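Asks: Let me give you the structure first, and then I'll get to my questions.
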Amino acid sequence: MRFSDAINIEDLRAIARRRLPRFVFDYVDGGAEDERTLTDNRAAFARLRFRPRTLVDVSRRDLSAPLLGQPASMPAVVGPTGLNGLCWRDGDLALARAAAAACLPFAMSTVSMSFVEDVAREAPGRHWLQAYVFSERRITEGILRRALEAGFECAILTSDFPVAGKRERDLRTGLLPAQRFTLATKIDMLAHPRWIATVATRRPRFVNVERELGPGRDVNAFVGHGMFDPSFSWDDVRRFRDTWPRKLLLKGVLRADDAERAVAAGFDGIVLSNHGGRQLDGAVTGLDALPEVARAVGARASILVDGGVRRGGDIARAVALGAEGVLLGRAPVYGLAAGGQSGVERALAILAEELDRTLALTGCTGIGALGPDLLAPA
């Protein structure tokens, strides 16, 4: 099957699995420990059934919605993901271009393999930066400063990474902790000549972190062993609020009391996230946390949610529960791995088509008509 023939995100996942060496696919697809949270992210959407309105004129429908006060073609962001250059050459640029073509924001990861300046210049659109707080704070501040100068409109501080989750698939292939690949992984790479020809000629490099580290330091070793600061706390938040004058989100929130504290600290919004099931196995899902958080801060802050979004109906469920929109993680990356920028565009088109159909079948003419009355627990 070609990516252009894919009819759902699972089709793109299957194509990606065939095209990629196992170590790359497992990095994209996997989670922490027993992967219970990874599985539950999908199950959380399945636990919500629709209660459609009937006999509504839905001959005209509008998917557009505001995200952080600016229009988007649907309530979704192409979310931050790392090592995209291992899926497709210049993968971060391909994701950013596809997002811009779809009139959606692109959230770029700190561990991107493209420079923030290149994304701003070569993929004009709405750019957000997901920022980890490093053990050397100057690195975070340097990347934020460059993103500000490049015109990025939003920064996302990530709070759920004081230490790295135990991602056992990556440990088995040798990708983690320091890219010391097993013999089986090396043989598997050789079994994917098309991937070698288009991707493997470049060693993964976290170029934005590398630039801030300076010459003579091994960026991969730094990311693998010393990147994240376990001392990062609420006492440090003001420093970043003062540094970044534009929209600021806090990612990794799963409790209403933390959401309220984030709003009080000056964040413009929050991202309900368990890091795609890649950190604490057994954590609640962002979708499950959403109703409580929406009641607590929904009138005062933007609420986004990520984790497990594979269908347009999932986007509708999240919005109906009180989210402003969703961050898309694996879905566009499966498209990237299947067909580069065109594959990402296919993934986004699939989700938009499904969202449009969900609106029609639930009796909604637009995103604003989605509400909790349309949902019932399974």
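Asks: For the chain, modelled as a GNM with alpha-carbon contacts under 10 angstrom, which of Leu176, Leu328, Leu254 fluctuates the most?
Replies: Residue with maximal mean-square fluctuation among Leu176, Leu328, Leu254: Leu176.
Asks: Which whole-number percent gives the relative contact order of the chain, counting Cα pairs below 8 Å spaced six or more residues apart? Don't skip to the end; give the middle numbers.
Replies: Numbers: 792 pairs, mean separation 108.5, N = 378.
RCO, the chain: 29 percent.
Asks: Report which label in (i) 17.7; (ii) 26.1; (iii) 20.2 holds the value of mean projected area of the Cα convex hull in nm² derived from the coordinates of this structure.
Replies: (i)
Asks: Separate question: For segment 21-73 and segment 281-313, compute the distance between their C-alpha centroids and round to whole Å.
Replies: Comparing the Cα centres of segment 21-73 and segment 281-313, I get a distance of 11 Å.
Asks: To check you understand DSSP bridge types, tell me what percent of the beta bridges within the chain (both residues inside) are antiparallel, rounded to 5. Walk me through the numbers on the way to the answer.
Replies: On the way: 7 of 36 bridges.
Bridges in the chain that DSSP calls antiparallel: roughly 20 percent.
Asks: In addition: At a 10 angstrom cut-off on C-beta neighbours, averaged per residue, how do the peptides 162-173, 80-91, 336-347 rank from highest to lowest? Don't jump to the answer; show the numbers that get you there.
Replies: Values: 162-173: 16.8, 80-91: 23.7, 336-347: 25.7.
Highest mean packing first, the order is 336-347, 80-91, 162-173.
Asks: Tell me which trypsin sites (Lys or Arg not before Pro) from segment 233-324 have a DSSP coil assignment and no more than 15 other beta carbons within 10 Å of their own. Intermediate values should be presented prior to the final figure.
Replies: Details: sites: Arg238, Arg239, Arg241, Arg246, Lys247, Lys251, Arg255, Arg261, Arg278, Arg295, Arg300, Arg310, Arg311, Arg317; in loops: Arg246, Arg255, Arg278, Arg300, Arg310, Arg311.
The qualifying sites are Arg246, Arg255, Arg300.
Asks: Once every DSSP H run of n ≥ 4 in the chain is given -39500 (n - 2.57) and the sum is divided by its residues, what mean residue ellipticity at 222 nm do you get, rounded to the nearest 500 deg cm²/dmol?
Replies: Details: 16 runs with 165 residues, N = 378.
Value at 222 nm, helices only, nearest 500: -13000 deg cm²/dmol.
Readers should treat all values here as calculations from the given coordinates under stated rules, not as data from a laboratory. Quick caveat: nothing in here was measured; it's all calculated off a predicted structure. When we count neighbours, we look across all protein chains shown, and the Cβ atoms used for this are built from the backbone with ideal geometry, even at glycine.
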